[in-house]
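Okay, so here's the structure we're looking at.
Nothing in this text is a laboratory measurement; each read-out follows from the coordinates by a stated rule. On a predicted model such as this, the values are computed, not experimentally measured, just so you know. All Cβ positions, glycine included, derive from the backbone under ideal geometry; neighbour counts span all protein chains shown.
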Amino acid sequence: MAKAKARREELREKLIEAAEKTIVAQGHAALKARALAEEVGCALGAIYTVFPDLAALILAVNARSFALLGTILSREAEAAAAAGGGPRAIANRTLIALANGYLDFAANHGGRWHALFDFRLPDGQELPAEHLRQQEALFQHLETPLAALQPALPPSERALLARSLFSAAHGMVLLGLEGKLVQLPLPYLREQIALVVSAMGRGLESA
């Protein structure tokens, strides 16, 4: 039984790695069960002894992508704090750094980014608890500087504000990178995001 469990776990890791490679290179829409089976050297049906469907496999890759994004955002927040200054100055600088860190993730890891925010589960399926926890961790990066700018704001309202701020940054990144309205050069997009987020931070500080 222990050997069977080890083989199953080994197959699981191989499938995640193969799916991750496809998503990074071609996007999640390119993921095909037969191609995955051929790449890892297993029977087509063996995939479904490890994952109930390809959606679950995409979510497993997304968990790795969330972890990568979290690492990038943590690094940006630490660098912003290390630059010094008062709590509110650090908070404003952190918000800008987080927004540009998110832009860098989207620009440099497009396949992962699209899988995180474009992929939709089949009807009737719900996101697993771990996936929701990773989403919450993403917003927590924003809630920390927001607490410095609006210390009297109740936690529930701060959580909503973090989501609104993320939505604004995500919209700018999406429109800028995808050329939905006009495609912007990355340095210019970075400047515009910093300008908008900085204005929002100053508005929160004076509210």
task = Grab the DSSP H runs of the chain that are 4 residues or longer, score each as -39,500 (n - 2.57), total them, divide by all residues and round the 222 nm result to the nearest 500 deg cm²/dmol.
result = -26500 deg cm²/dmol
query = Suppose R0 equals 35 Å; then what is the FRET efficiency for A67 and A152 from their Cβ-Cβ distance, rounded to the nearest 0.05?
reply = 0.60
Paired Rg and Dmax values of the chain, which use every Cα atom, in angstrom = 19.7, 63
ask   = What's the extension gain from Q26 to A89 if we count 0.36 nm per residue and subtract their Cα-Cα distance?
value = 18.6 nm
key: Per-residue HN-Hα couplings for the stretch 120-137 [Karplus 6.51, -1.76, 1.60; θ = phi - 60°; Hz; x = Gly/Pro]   = 10, 5, x, 3, x, 9, 10, 5, x, 4, 5, 5, 5, 5, 5, 4, 4, 5
query = If you place +1 on the Cβ of every Lys and Arg and -1 on the Cβ of every Asp and Glu, how big does the dipole about the Cα centre of the chain come out, in debye to the nearest 20?
reply = 200 debye
inquiry  = Which aspartates and glutamates, if any, have their Cα less than 14 Å from the Cα of K5, not counting same-chain residues under 8 positions apart?
reply    = E13
task = Within the stretch 61-125, report the trypsin sites (Lys or Arg not before Pro) that DSSP leaves as loop and that have at most 10 other Cβ atoms within 10 Å.
result = R120
note = Excluding residues fewer than 8 positions from K32 in its own chain, the aspartates and glutamates with Cα under 13 Å of it are E20, D53
ask   = Can you list residues whose amide H is under 5 Å from H109's amide H, if they're 5+ apart or on another chain and H is modeled 1.01 Å from N?
value = none
ask   = Can you work out ³J(HN,Hα) from phi for every residue in the stretch 66-73, in order, using Karplus 6.51 cos²θ - 1.76 cosθ + 1.60 and θ = phi - 60°, giving whole Hz and x for Gly and Pro?
value = 4, 5, 5, 4, x, 5, 5, 5
